[in-house]
1. Within region 340-375, track down each residue that is assigned to a strand (DSSP E or B) and either under 17 Å from Glu445 (Cβ atoms) or among the acidic types (Asp, Glu) (or both).
2. Pick out the one residue from Gly267, Gly302 that is closer than 30 Å to Val376 by Cα, under 21 Å from the mean Cα position of the chain (by Cα) and assigned to a loop (DSSP other than H, G, I, E, B).
3. Would you mind stating whether Gly296 is touching a Gly at 6+ places or on another chain (Cβ under 8 Å), touching a residue at least 40 places away in the same chain (Cβ under 8 Å) and assigned by TED's automatic domain parsing to the domain that holds Met232?
4. If we scan region 202-211, do we find a residue that is over 30 Å from Lys389 (Cα atoms) and either surrounded by 14 or more Cβ atoms within 10 Å (Cβ to Cβ) or not basic (Lys, Arg) (or both)?
5. Condition (residue is in contact (Cβ under 8 Å) with a residue 60 or more places away in the chain, among the hydroxyl-bearing types (Ser, Thr, Tyr) and closer than 30 Å to Gly454 by Cβ) applied to region 337-354: is it met by at least one residue?
6. Here are Ser127, Ser96, Ser66: which of them is more than 21 Å from Gly346 (Cα to Cα), within 16 Å of the ligand (Cβ to nearest atom), modelled with pLDDT of 95 or more and surrounded by 14 or more Cβ atoms within 10 Å (Cβ to Cβ)?
7. Kindly indicate whether any position in region 134-142 is within 16 Å of the ligand (Cβ to nearest atom), in contact with a strand residue (DSSP E or B) (Cβ under 9 Å, 6 or more places away or on another chain) and in contact (Cβ under 8 Å) with a residue 40 or more places away in the chain.
Amino acid sequence: TISSALPTQSASATELAGLDRRFLVHPHQRMDRNDRVVIVRGEGATVWDAAGNELVDATGGGNWLSQVGHGRRELAEAAAEQISTLEYYTGFFDYSNDKAIELAYRLNQLSPEGIDRVFLTSGGSDSVESAIKSARLYHNRRGEPNRTWILARHFGYHGASYGSGTATGFEMMQTYVGPNLPNVEKLSPVWPYHHEMYGGGDVTDALIAELEGAIERIGAGNIAAMIGEPVMAGGGVHEPPADYWPRVREVLSRNGILLIADEVVTGFGRTGSWFDSATRGMKPDMITIAKGLTSGYIPMGGLLMSDAIAEVVTSNEGFFHGYTYAGHPVAAAVALANLDIIEKEGLIGRSLTVGDWFKSSLAPARDLPQVGDVRVIGATVGIELVVSKQTKEPMMIPIVAEGVADAVRREHNVIVRPYGNVIVMSPPLVIGEDQVRRTAEATIEVLSRLGADGQVA
Ligand code: PMP
């Protein structure tokens, strides 16, 4: 049924939520979470819902993005200007467009040493998919067609398409929809807070032994690449030990295996640098980006790669992979304007300042009985809820983090995001100190009422 006059213009918040339930299928929709808050406007780190509530957005659009904050006219103007000049032209066949070229050059300048070229996409999953295909293609073209296996990690998040969704370490995304991508091996996540789970010795030693064991079992000559987030985001905001990535890199290089840094979350200042991989000795061969590239103003992602890989994947018959919207001029224009703002306003450095505000204002949370750990990495926070500080058993039942986030929003008009047993904050980098303190105080207030039974009193 199609109506030319849908009732959304004048609908109340309740009516909108009803229409939403009736007509919209949501990403990662769960049937027990259907009581939706309809967001209608944003400015900086503030958003308004359809009922007129003003909320602090401590999540960056709910999805770790919005680097420059909501409601930036500069980005609206960049899009409008580009749409009226050239809304689209393909990058296939013999064609290109000036904005995509300019963005490729800009990303070349910003990216870590050794990463020189970019393949543009429409989002994170597309970028990871492109990375997996490129890794296989690279080895195949170089005479090693057996190198098809991808190493990934439990609780890593890489996307929802078949390749990226199989590399993702959340089993519910692979259930019911199989067969999934074959030849994907999952390693342990890097969770230093839970160091006991690695056998009691050095965390990196244990993880390197596991990696070497997997390579031995599968055979180095069968493995194309390993993919990992420099800092695991959706898997709970965990910073790896300083020697983890350098040692992983060494093992992979010794075995001819490529390393893909998934910087969809960590890129563009989220953790305090343009590219988090550059600060951790990761030296990846490829980097996937999205989210902060455009601050979410328009969908765009990319796969950055070394010249060596680009030469091989585009050689011989060429690179038979690509999307209609690859290098979309409007998305590229918005990305360029977004990068301008990040640079001009010093938002990479500000990310660290935001982190300092979170560290000081969240300090009292550490003393609460159900808070196991408070992790702050740039403007990214993970508060891990546990049954007891001694056992560190994750507080999962009932789904406590969701209940806490609901209460923080309903009672304090602050949006934080639950991931399993971790409360996550990843606000726009322009968030004010007062908003950070409000977010911390609201969260601490609710957590102080959280009992060992998982109920918020
Ligand atoms: N990689 C990481 C690290 C992510 O967090 C996400 C999405 N949250 C993706 C990839 C997938 O990106 P998208 O949802 O844009 O496809």
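1. Once the filter is applied, which keeps residues that are assigned to a strand (DSSP E or B) and either under 17 Å from Glu445 (Cβ atoms) or among the acidic types (Asp, Glu) (or both), region 340-375 yields Val371, Asp373, Val374.
2. Only one candidate passes the filter, namely Gly267.
3. Judged against the criteria, Gly296 is a match.
4. No: region 202-211 contains no residue that is over 30 Å from Lys389 (Cα atoms) and either surrounded by 14 or more Cβ atoms within 10 Å (Cβ to Cβ) or not basic (Lys, Arg) (or both).
5. No, every residue in region 337-354 fails to be in contact (Cβ under 8 Å) with a residue 60 or more places away in the chain, among the hydroxyl-bearing types (Ser, Thr, Tyr) and closer than 30 Å to Gly454 by Cβ.
6. Only one candidate qualifies: Ser127.
7. Yes, that holds for at least one residue.
Yes/no matrix, rows are residues, columns are (1) within 13 Å of the ligand (Cβ to nearest atom); (2) aromatic (Phe, Trp, Tyr):
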residue: Gly219; (1), (2): no, no
residue: Gly235; (1), (2): yes, no
residue: Pro246; (1), (2): no, no
residue: Gly269; (1), (2): no, no
residue: Ser273; (1), (2): no, no
residue: Ser277; (1), (2): yes, no
residue: Ala308; (1), (2): no, no
residue: Phe320; (1), (2): no, yes
residue: Ala326; (1), (2): no, no
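The values are calculated or read from the model by the stated rules, or taken from the named source; none is laboratory data. These numbers come from a predicted model, not from an experiment. Virtual Cβ from ideal backbone geometry, glycine too; neighbours counted across all protein chains shown.
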